[in-house]
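Notes follow once the structure below has been shown.
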Amino acid sequence: MFSLIAAVAKNNCIGANNKIPWNIPEDFQYFKKTTLGKTCLMGKATFESIISYLGKPLPERKTAVITSDKNYQVPEGVRIFSSLDEAFADLAAEDVFVCGGASIYKQTIDRVDILYITEIDTEPAGDTFFPEINKNIWHETWREKHEGFSFIKYSKLSS
Ligand SMILES: NC(=O)c1ccc[n+]([C@@H]2O[C@H](COP(=O)([O-])OP(=O)(O)OC[C@H]3O[C@@H](n4cnc5c(N)ncnc54)[C@H](OP(=O)(O)O)[C@@H]3O)[C@@H](O)[C@H]2O)c1
């Protein structure tokens with residue numbers, strides 16, 4: 001099963017200078033709780049952003065990285081895929097969360113079954129943006145409001 005998880009500001013911004021332009025500990029906790037024990041599939045820039053922040057891949061999760069660089073060096077246990085088709089084929093039996101960044105969200109939003117979106121109530125300046133969530137395709141199934149942000153789940157209308 002493939003899901004997608006992202007924190008998205010009101011202007012669709014998700015990043016600035018390869019970082020997330022807000023600090024909401026409750027959202028990090030939600031991300032952790034939701035993805036724990038699962039496979040986290042991400043683009044190379046997001047992987048490097050995590051490494052620069054944590055000094056290691058996300059703990060207690062299986063990390064899969066998409067890059068065209070066949071010689072890309074990663075810590076033991078991290079899997080590398082050179083295309084999304086290869087990743088989706090190889091990971092089909094796993095519980096996979098697409099974890100960004102912008103280029104990966106854009107290429108996979110039509111291939112996943114569930115969206116876990118944290119809607120952030122700000123409009124920060126940024127350089128990376130989430131694609132439009134087409135409400136003809138996605139319907140909201142759950143929402144939990146917090147001060148400054150909301151956790152939302154979307155499922156595909158056909159499923
Ligand atoms: N708010 C959130 O929830 C959230 C979550 C994650 C990330 N982010 C933010 O998003 C930003 C990063 O997004 P981004 O779009 O710049 O980078 P990205 O999607 O994380 O990574 C881009 C890289 O992935 C590889 N790639 C992408 N598509 C590929 C394909 N089809 N085949 C092979 N390789 C592929 C390429 O690496 P090569 O150049 O090596 O080929 C590409 O340069 C950062 O600001 C980060 O903080 C936000």
Residues (under 21 Å from residue 66 (Cα atoms), out of contact with any Ser or Thr (no Cβ under 6 Å at 6 or more places or on another chain) and of a type in the set (Val, Ile, Thr)) located in the stretch 7-33:
20
State the number of residues belonging to the stretch 78-104 that are in contact (Cβ under 8 Å) with a residue 60 or more places away in the chain and near the ligand (Cβ under 9 Å from one of its atoms).
6
Got a number for residues in the stretch 112-131 being more than 13 Å from the chain's Cα centre (by Cα) and either within 17 Å of residue 155 (Cβ to Cβ) or hydrophobic (A, V, I, L, M, F, W, C) (or both)?
4
Mind listing whichever residues of the stretch 126-155 are within 12 Å of the ligand (Cβ to nearest atom), touching a strand residue (DSSP E or B) at 6+ places or on another chain (Cβ under 9 Å) and not in a strand (DSSP E or B)?
126, 127, 130
Filter pass, residue 118 being within 20 Å of residue 149 (Cα to Cα) and in contact (Cβ under 8 Å) with a residue 12 or more places away in the chain:
yes
Against the conditions (1) more than 10 Å from the ligand (Cβ to nearest atom); (2) at positive phi; (3) surrounded by 13 or more Cβ atoms within 10 Å (Cβ to Cβ), where does residue 18 fall short? Just the number, please.
(1)
Going by what's in this entry, would residue 121 be described as loosely packed, with under 14 Cβ neighbours inside 10 Å, of a type in the set (D, E, K, R) and farther than 29 Å from residue 24 by Cα?
no
Please report, ordered by residue number, the strands (runs of 3 or more DSSP E) entirely within the stretch 1-108 with at least 3 residues that are more than 26 Å from residue 154 (Cα to Cα).
79-81
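Computed from the coordinates by the stated procedures, all read-outs in this text should not be read as laboratory data. In this text the structure is predicted, and so the values were computed from the model without any measurement. Neighbour counts are summed over all protein chains in view; Cβ atoms, including those assigned to glycine, are modelled from backbone coordinates with ideal geometry.
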